[in-house]
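Bear in mind these aren't lab numbers, they're just calculated from the coordinates by the rules spelled out. Everything quoted here is computed from the prediction, not taken from an experiment. Positions of Cβ are generated from backbone atoms using ideal geometry, with glycine treated the same way; all protein chains shown enter the neighbour counts.
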Ligand SMILES: *Cc1c(COP(=O)(O)O)cnc(C)c1O
């Protein structure tokens with residue numbers, strides 16, 4: 001068996017220990033004679049799996065009791081509609097546009113009400129986070145929306161926006177569990193798990209209880225109501241059962257590594273290796289304003305599209321995969337999520353140095 005260093009933005013690298021454990025349990029989950037994939041979601045065995053996953057996530061993030069944790073389906077993109085359907089009581093919300101995911105969420109919300117774009121960094125290809133200390137927050141806004149880590153552009157909010165008392169809703173798909181978080185600062189935190197936690201098919205939504213009500217927009221389908229899923233503890237219908245089981249294993253892996261403080265420290269060290277090289281390199285350049293750099297997604301360019309393509313192809317031959325940048329930015333992007341080991345980034349930088357020497 002040979003595994004590559006996988007720098008994919010998502011679905012993305014998972015901890016090898018987790019994959020190995022899942023492989024060991026594939027045919028017979030702990031003596032019950034079947035795979036978790038084959039098991040009733042109403043069984044006691046599965047109930048224990050989902051309860052433990054929730055408890056471990058609560059422990060990792062320090063989620064207060066007045067927040068619900070929901071395991072949902074439909075991808076992060078389905079939340080672009082669910083959020084306004086459930087939370088836009090006055091049919092007004094403020095959106096901060098820091099990339100394509102935020103923009104898609106904003107466009108979707110405008111189907112249901114007045115979605116204000118109160119700040120944007122589109123003028124410079126989303127290469128920075130706008131100043132959000134004094135935004136023109138609409139007095140009627142039901143919430144303020146951000147995409148906290150911008151997967152495509154490699155920017156991250158280092159300070160949360162001043163929402164002037166409005167609940168903050170954050171898409172954290174690509175920075176979920178990468179560092180400690182103060183949940184009380186948010187009305188809702190959500191993300192697809194396929195970037196930093198588990199297999200595609202699961203979305204985790206952490207929502208303050210008072211925001212989960214029966215009072216949703218008329219016509220909201222039952223399956224798209226937070227209250228339905230909250231009341232049924234994520235078992236209203238068949239949940240993405242196997243995906244949740246893998247997420248649970250990743251939570252335990254994170255606990256074993258020392259939790260989110262330790263992950264932050266590790267992620268900072270890892271990202272620094274790459275950013276330090278980008279700052280000194282004569283060939284490669286980072287594309288993001290320094291103070292807004294993400295720890296998870298690192299875009300870079302040579303400034304020459306042919307050379308970029310050559311780099312991506314040669315990197316692949318050296319076991320460094322999925323380094324091609326998003327089509328809207330070009331160049332390269334290294335996604336270095338929790339499960340990317342330090343050695344992966346060291347190998348990448350060593351290869352970049354070699355490539356630079358040969359392509360002066
Ligand atoms: C990948 C991604 C999405 C889209 O996720 P899907 O699960 O494919 O809908 C949304 N937001 C962010 C920040 C992402 O990185």
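General observations
- Using the Cβ-Cβ distance between residue 134 and residue 34 with R0 = 51 Å, the FRET efficiency computed as 1/(1 + (r/R0)^6) comes to roughly 0.35.
- Helices in the chain, meaning DSSP H runs of at least 4 residues, each add -39500 (n - 2.57). Divided by all residues, the mean residue ellipticity at 222 nm is -11000 deg cm²/dmol.
- Largest GNM mean-square fluctuation across 163, 220, 287, computed for the chain with C-alpha springs under 10 Å, falls on 220.
- Summary value for region 173-224: 30 percent relative contact order, contacts being C-alpha pairs under 8 angstrom separated by 6+ residues.
- Extension gain (nm, one decimal) between residue 313 and residue 262, 0.36 nm per residue minus Cα-Cα: 15.0 nm
- Peptides 312-321, 66-75 ordered by average Cβ neighbours within 10 Å, highest first: 66-75, 312-321
- Beta bridges per DSSP, both residues in the chain: antiparallel share near 55 percent.
- Its convex hull of Cα atoms gives the chain a direction-averaged projected area, equal to a quarter of the hull surface, of 18.2 nm².
- Between region 151-213 and region 73-106, the alpha-carbon center distance in angstrom: 12
- The spacing between region 219-265 and region 13-35, judged by their C-alpha centroids, is 18 Å.
- Relative contact order computed over the chain (Cα-Cα under 8 Å; 6+ residues apart), in percent: 23
- Near-label residues of region 291-330 by backbone N, under 20 Å of a point 7 Å along Cα→Cβ of residue 360: 302-304, 307-308, 311
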